[in-house]
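Below: one structure, written as structure tokens.
The values are calculated or read from the model by the stated rules, or taken from the named source; none is laboratory data. Note that the structure is a prediction, hence the values are computed from the model and not measured. Backbone-built Cβ (ideal geometry, glycine too); neighbour counts: all protein chains shown. The protein model used for the area step is the full one, side chains on, heavy atoms only, and it has no ligands, DNA or RNA in it. Shrake-Rupley method; radii C 1.70, N 1.55, O 1.52, S 1.80 Å.
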Amino acid sequence: MTHKLRIFAALAVLAAPLPAVAHHSFAMFDKTKEIVLKGAVVKEWQWTSPHTWLYVLVPNGSGAPDKYSIEGGNPGVMRRDGFAKGSLNAGDKVTIYMAPLRSGEKGGSLNAVVLPNGKMLGERMKPGA
């Protein structure tokens, strides 16, 4: 019985990291670039696990605004960067700093947001990163 218990314990230890392996990659984002979305209007701010999401409408000068889907970190990481569930509200006009999608689609990985009151949440990309 102890032999079976040891094998089970060894398998449990080996299987523990599997959920981390299942987590998706951020390879879809070009982390060498940072783009700025000025005058973005918050459509929705989702404070969810495993990742937060920010949906915004960005004026493009040709009528209907562009719709962007921007992925943030998990709520715990976002909280450490100054964000909270109520940080952004529908209708807020903000400036967004993000790493764009490599595909060229309208979306990216959230770096920072400048709120209507001028306060910045998150961090801008470091030069040369």
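The table below gives the values:
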{"read-out": "Tally, over region 82-94, of residues that are open to solvent by 30 Å² or more (accessible area, probe 1.4 Å) and closer than 18 Å to LYS43 by Cα", "value": "8"}
{"read-out": "Residues of region 60-81 that turn out to be open to solvent by 40 Å² or more (accessible area, probe 1.4 Å), closer than 16 Å to THR48 by Cα, touching a residue at least 12 places away in the same chain (Cβ under 8 Å) and not charged (D, E, K, R), as a count", "value": "2"}
{"read-out": "Looking only at region 115-129, and only at residues there that are open to solvent by 30 Å² or more (accessible area, probe 1.4 Å) and in contact with a strand residue (DSSP E or B) (Cβ under 7 Å, 6 or more places away or on another chain), the one that is nearest to ASP30 (Cα to Cα)", "value": "MET125"}
{"read-out": "Residues of region 40-63 that turn out to be farther than 22 Å from ALA84 by Cβ, out of contact with any strand residue (DSSP E or B) (no Cβ under 9 Å at 6 or more places or on another chain) and not polar (S, T, N, Q), as a count", "value": "2"}
